[in-house]
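The values are calculated or read from the model by the stated rules, or taken from the named source; none is laboratory data. This is a predicted model, so every value here is computed, not measured. Backbone-built Cβ (ideal geometry, glycine too); neighbour counts: all protein chains shown.
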Amino acid sequence: MRALTSAIAALSLILLMAASKNGSYRKITRAELRDRIEGGWAGQMIGVSFGAPTEFRYNQQIIAPQQLPVWKPDMVSNSLQQDDLYVDMTFAKVLDDKGLNASTEDFGAMLREAKYRLWHANLAARRALKRGVSAKLSGTPQYNAHANDIDFQIESDFIGLMAPGLPQAGNDLCLRAGRVMNTGDGIIGGMFISGMYSAAFFEKDPRNVVEAGLAAMPPASPYAKVIRDVLNWSAQYPDDWIRVWKLINEKWDKREPCPEGALRPFNIDAKLNGAYVALGLLYGKGDFSRTLEVSTRSGQDSDCNPANAAGILGVMLGYKAIPSKWKDGIPAIADQKFSYTDFTFRTIVESTEKRALALIRARGGREEANSILVAVEPPKPTPVALWDDYGSPVERIEAVDSRWQWKGSWKETVQERRKDRRVMKIASEPGAEATVSFEGTGAIVSGTYLPNGGTAAVYLDGKLHKTVDVVSDEKESRIGESVWHAFGLRNSKHTVRLVVSGKPGPGSTGSDVSIEDLIVFR
């Protein structure tokens, strides 16, 4: 008996030493853990539903108070159809199915076969995966012109919610999952969000939560620089979030590389929208309504940003402390499934709690009666490859610009989008050509992905660079996408020549190729 007692004591000492390497134990009851996880999922549901009517309707402008929706409890049912939640949950399901050590390939396999609509980095990644690109490369600029977009950032909540006080473990998961669709700041945005969730389990001050998220990011990254600015400016102007919003936009709303947003008011860049999440938390000061208001009124992706901010605050408060005004609609839909998933509100909370307990144990924590001891980790940056040194967008050479040379039969069509008049050139016959020269370090030929899309050969400086297709992989067309792109070129004059094959792309019965413009990077 004495030997057994000694053995148990020795094991306890080993566990304690493992925990002390990371920091110290923090105690949380099982009921409190569940309440905070419930608060996080509820906050996302409320935030995305509240902001949905304003999403990308207010770009480079603050939303006036009277333009915000008037909240009614049943509006939260909108969350059941929101990609912010169903994509988030299908990534969580990979961990349920494959375990905590699920690989990048496991996450990629899920995304490749997903049947739901996708946009930007997610859509580009799924197209690449379907064409045989590795999951470790599908988020890189080589295959994905949206690598810095917001996609993983709005899907990383599931990681922070299962990593209470464990931001280093969260970063590991972010790197494995986020690289499927993002690179650089696109992955770092997920680390910022999940790091704030991790801190929110044991922290009551929103400023400390934002600082914890910053500490989880590579300090030299552009994303970290943005958040440092937000923290510094909010300290200078503690009662004037609008002034800080203006400072953010003046300095940081200039380099959006996304083919839809480059040199336009639309901005889906992860770090700019992440600044708005931080703004909501800092100026909301723990008040749920105020946090929603500031993060939504900041504009751009004004449903995703309040979803992140309210989710993080929901963890800080716990479900029980979220004001009834905001959560009263949830019980009525708590057993309804989110689109494209097998999860309801109740079952995603249960799933997250199980994964959280498993991760706590894996990182040196343990359960004692009704309490859980978490071997908390200090936030620590994880190295992430950046791609911002590829240059900034400096010009869009529209299809009607005389610098384009057209051969063969090209038809002209016009679309209105976000108050812009977009002129497209479309060809389907073999041998039709489009040629343009530019001076810079990279370029994107933007156009439309089409259900009846075809293929084309693209030559860069006289040499075949890539064979591309413009099939949307969905039933609808997608305007403002990358038909072809190349980055990291020598800063000199280059010529791009696109030759239509007249052949259908994967799964298509047509051969149309659409060109809108050339985006020049320098």
Discussion item. Is it the case, given these coordinates, that Ser428 is assigned by TED's automatic domain parsing to the domain that holds Ile187 and in contact (Cβ under 8 Å) with a residue 60 or more places away in the chain?
Written reply: no
Discussion item. Quick check on my filter: what residues within segment 167-190 are in contact with a Cys (Cβ under 9 Å, 6 or more places away or on another chain) and closer than 19 Å to Ser134 by Cβ?
Written reply: Ile187
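Rundown of residues vs (1) surrounded by 16 or more Cβ atoms within 10 Å (Cβ to Cβ); (2) touching a Lys or Arg at 6+ places or on another chain (Cβ under 7 Å); (3) within 30 Å of Leu247 (Cβ to Cβ); (4) in contact (Cβ under 8 Å) with a residue 60 or more places away in the chain, yes/no style:
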| site | (1), (2), (3), (4) |
| --- | --- |
| Leu33 | yes, no, no, yes |
| Phe56 | yes, no, yes, yes |
| Gln67 | no, no, yes, no |
| Met75 | yes, no, no, yes |
| Lys98 | no, no, no, no |
| Ser103 | no, yes, no, yes |
| Glu113 | no, no, no, no |
Practice prompt. Take the residues in segment 367-422 that are acidic (Asp, Glu) and closer than 17 Å to Glu260 by Cβ, then tell me which one is surrounded by the fewest Cβ atoms within 10 Å (Cβ to Cβ).
Written response: Glu416
Worksheet entry | helices (runs of 4 or more DSSP H) completely within segment 45-163 that count 1 or more residues being under 24 Å from Phe201 (Cβ atoms) and β-branched (Val, Ile, Thr) | 83-98, 157-161
Worksheet entry | segment 353-363 - residue that is among the aliphatic types (A, V, I, L, M) and crowded, with 20+ Cβ neighbours inside 10 Å and, of those, nearest to Gly39 (Cα to Cα) | Ala356
Worksheet item: Of all the residues that make up segment 330-352, how many are in a helix (DSSP H, G or I) and surrounded by fewer than 20 Cβ atoms within 10 Å (Cβ to Cβ)?
Response: 6
Discussion item. Just the residues that are surrounded by fewer than 24 Cβ atoms within 10 Å (Cβ to Cβ) and within 20 Å of Leu95 (Cβ to Cβ), please, taken from segment 176-202.
Written reply: Arg176
Item to complete: Identify all residues within segment 243-257 that are at pLDDT 95 or above and either within 16 Å of the chain's Cα centre (by Cα) or surrounded by 23 or more Cβ atoms within 10 Å (Cβ to Cβ) (or both); write none if there are none.
Response: Val244
Worksheet item: Just one of Thr455, Thr435, Thr441 is at pLDDT 95 or above, surrounded by 15 or more Cβ atoms within 10 Å (Cβ to Cβ) and touching a helix residue (DSSP H, G or I) at 6+ places or on another chain (Cβ under 7 Å); which is it?
Response: Thr441
